[in-house]
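Single-structure report; data block below.
Nothing in this text is a laboratory measurement; each read-out follows from the coordinates by a stated rule. Given the structure is predicted, the values throughout are model-derived calculations rather than measurements. With ideal geometry, Cβ positions are generated from the backbone for all residues, glycine too; neighbour counts draw on all protein chains shown.
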Amino acid sequence: MIKIYPEAEISLIREACQIAAECLDVLVKSVHPGMTTEDLDMIAHGFLSERGVEAAFLGYRGYPKSICVSINEEVVHGIPSQKRKILNGDLVSIDIGTKLKGYFGDVATTLPVGNIGREKMRLLETGKKALDAAVEKAAENNTLYDISYAIQKIAEESGYSVVKEFVGHGIGVNLHEEPQVPNFGIPGTGPVLQEGMIFAIEPMVNMGTFKVEVLEDNWTAVTADGKPSVHFEHTIAVRKNKGEVLTCPKKSP
Ligand code: MF3
Ligand code: CO
């Protein structure tokens, strides 16, 4: 069953989402060559505790850190480490989950560090476009796989592939709820969308093969061919004409 959240609960989910988005902004502005992925985790942990918010990933199925940082061929779930330096030319994905008053938010972006070159830049732009297109499809009376297909279409038309083993998800009172939101699918099929459904939509777009492998740390997913991958994520509410992005930083009054 896909939950329909009433406005009062959507407001609480939005609060969790806004803080996740603000945290992501801080991290994006902090990234520079020479720092470690652990440095980013520490900044995130500090920011979230100051705002009175839990890091939703910390301890989730034994996950050891507050955020995920996945670089280049790493697709998702990279574990921050003192040993991993961010370098000029890296494609860095940062994924943050928050929990506030029992409600969850989930957001991710990928950013270029220094000069990443034309082809990686095109991959990055394609991933962004795929997420934007997916949000547009999160409208009442569309179907779930209209969202999925929008992602697949943009990725594949650009000559890239979408990851099949990891998916977006419903979110709200749990980090992961029904339904799964794949990054591929047949348009016009799947559950009919209704206003108040909440999804974390997260395209993962690979430059080469769609195949991924998980490293010995049991978390870090990497592309099977070692080519780069990008990951973008918003938590959205299904609305009449398009999805409402909940993971936007709060506008200052
Ligand atoms: N955004 C990812 C997801 O929804 C991040 C989860 S990381 C984990 O699956 F550590 F919490 F698993
Ligand atoms: Co997610």
>> With n ≥ 4 as the cut-off for DSSP H runs, can you work out [θ] at 222 nm for the chain, using -39500 (n - 2.57) per run divided by the number of residues, rounded to the nearest 500?
In response: -9500 deg cm²/dmol
> Over the chain, what relative contact order in percent results from Cα pairs under 8 Å that are six or more residues apart?
Replying inline: 24
> Under 14 Å from the 7 Å Cα→Cβ point of S49, by amide nitrogen: which residues of the stretch 1-43?
Replying inline: 41-43
> Could you give the semi-axes, largest first, of the ellipsoid that matches the stretch 7-245, computed as the square roots of 5 times the alpha carbon gyration tensor eigenvalues and rounded to whole Å?
Replying inline: 26, 23, 15
> Using a cut-off of 17 Å between alpha-carbon atoms, which lysines can reach K3, once sequence neighbours fewer than 8 places away in the same chain are excluded?
Replying inline: K240
> Does the stretch 1-134 classify as rounded, prolate or oblate by the C-alpha gyration tensor (a ≥ b ≥ c root eigenvalues; a/c under 1.5 gives rounded; else a/b over b/c gives prolate, otherwise oblate)?
Replying inline: oblate
> When the Cα centres of the stretch 193-246 and the stretch 153-167 are compared, how far apart do they sit, in Å?
Replying inline: 10
> In debye, nearest 20: dipole of the stretch 1-147 around its Cα centre with unit charges on the Cβ of K, R (+) and D, E (-)?
Replying inline: 320
> For the chain, with only Lys/Arg (+1) and Asp/Glu (-1) charged at the beta-carbon, what is the dipole magnitude about the Cα centre, in debye rounded to 20?
Replying inline: 360
> So between I4 and T36, what do we pick up on full extension, going 0.36 nm a residue minus the alpha carbon distance?
Replying inline: 7.5 nm
>> I'd like to compare 195-206, 225-236, 127-138, 72-83: which one has the highest average count of other Cβ atoms within 10 Å, and what's the full order after that?
In response: 195-206, 225-236, 127-138, 72-83
> List the lysines whose alpha-carbon lies under 22 Å from that of K164, not counting same-chain residues fewer than 8 positions away?
Replying inline: K120, K128, K129, K137, K153, K211, K227
